[in-house]
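Trainee: Questions regarding the structure given below will be posed in turn.
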Amino acid sequence: MNERSSLQLVEVLRNLAIEMRAEPDPDATLRRIVAAAVDLIPGVYWAGVSSVRQGRVEAEVPSDDVARALDRRQSELGEGPAIDLLVDQGRVIIPDLRMETRWPRFAQSAVERNVQCLAMFRLFLDRDSLGVLTLYGSEPDVFDEDAVLHAEILAQHVSCAIAGARAVDQMHRAIASRQVIDQAKGVLMERLHVDAVMAFGLLARISQDTGTTLTEVAENVIETAQHESS
């Protein structure tokens, strides 16, 4: 990678760091990173962020129809680097898909779309899912040492954006759950003439006895009250 490309990458990363602090929509940041990979790494024509759950690859932020189709193809075939290898390894580099023997049907599908090589990076690994960033090259051997280094830096930015989005989502879920529980407490306080502590204790006991979450119990209380009042 030449000096100009490196300087461009530094500038893009600086802007992405600022954007991740200010951007309310994490998908917009992911789209920017995917676009940056295509724009800045020579030979990379397609890219995408995907999730893998129970052997299915879902395109979350594909650069185009090619990236989306190759994710779908792995799911259809039940084979491919995202399904078989990334659970145990942090990255997969395939210099020439025409020579790939581990996933021959997937490789053939990629070559038919003029994809000659790929680099895939694990973004996160949960109990039942993982996230990947995949970059596709139009010629063999696109991913030299510099290209892999810069791709890994971009992958780290994707990981940070996803982690931030998860934190925000968890916060929103916690706030929503608390609001539901408070509303259910209000229903019980009004109908049973008990205080807030006793109302919460009733919800907690039902949750424990039925093996359901406190939020689910609260939702049922609210739904029952609404049904009775209608």
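Trainee: Test each condition in (1) part of a loop (DSSP other than H, G, I, E, B); (2) closer than 26 Å to Asp39 by Cα for Arg98 and report the one that comes out false.
Mentor: So the condition that Arg98 fails would be (1).
Trainee: Okay, moving on. Take the residues of segment 174-184 that are modelled with pLDDT of 80 or more and not polar (S, T, N, Q): which is surrounded by the most Cβ atoms within 10 Å (Cβ to Cβ)? Can you show your working first?
Mentor: Of segment 174-184, the ones modelled with pLDDT of 80 or more are 179-184.
Next, from what is left, pick out any that are not polar (S, T, N, Q): 180-182, 184.
Working: Val180: 18, Ile181: 21, Asp182: 13, Ala184: 25.
So the residue we want is Ala184.
Trainee: I want to confirm something. Restricting to segment 51-79 and keeping residues that are out of contact with any Leu (no Cβ under 8 Å at 6 or more places or on another chain) and among the small types (Gly, Ala, Ser), which single residue is farthest from Arg32 (Cα to Cα)?
Mentor: Among those that are out of contact with any Leu (no Cβ under 8 Å at 6 or more places or on another chain) and among the small types (Gly, Ala, Ser), it is Gly78.
Trainee: Right, here's the next one. Of (1) part of a helix (DSSP H, G or I); (2) touching a residue at least 60 places away in the same chain (Cβ under 8 Å); (3) of a type outside the set (Ser, Thr, Tyr), Trp46 satisfies all except one. Which?
Mentor: Failed condition: (1).
A quick yes/no check of all residues on (1) under 30 Å from Asp27 (Cβ atoms); (2) in contact with a Lys or Arg (Cβ under 6 Å, 6 or more places away or on another chain); (3) assigned to a helix (DSSP H, G or I); (4) at pLDDT 75 or above:
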site: Asp169; (1), (2), (3), (4): yes, no, yes, no
site: His172; (1), (2), (3), (4): yes, no, yes, no
site: Leu188; (1), (2), (3), (4): no, no, yes, yes
site: Leu202; (1), (2), (3), (4): no, no, yes, yes
site: Thr212; (1), (2), (3), (4): no, no, no, yes
site: Glu223; (1), (2), (3), (4): no, no, yes, yes
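For every residue, the table says whether it meets (1) part of a helix (DSSP H, G or I); (2) modelled with pLDDT of 95 or more.
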position: Ile83; (1), (2): yes, no
position: Asp88; (1), (2): no, no
position: Arg105; (1), (2): yes, yes
position: Ala110; (1), (2): yes, yes
position: Val115; (1), (2): no, yes
position: Leu135; (1), (2): no, yes
position: Glu139; (1), (2): no, yes
position: Val148; (1), (2): yes, no
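Trainee: Further, regarding this structure: What residue, among those in segment 57-70 that are assigned to a helix (DSSP H, G or I) and without any contact (Cβ under 8 Å) to a residue 24 or more places away in the chain, is farthest from Gly131 (Cα to Cα)?
Mentor: If we filter segment 57-70 for residues that are assigned to a helix (DSSP H, G or I), which is where we start, we get 65-70.
From what's left, without any contact (Cβ under 8 Å) to a residue 24 or more places away in the chain: 65, 68.
Working: Asp65: 19, Arg68: 15 Å.
Once the filter is applied, the top-ranked residue is Asp65.
The values are calculated or read from the model by the stated rules, or taken from the named source; none is laboratory data. Remember, predicted model here, so these are calculated numbers, not experimental data. Every residue, glycine among them, receives a Cβ derived from its backbone with ideal geometry; neighbour counts consider all protein chains shown.
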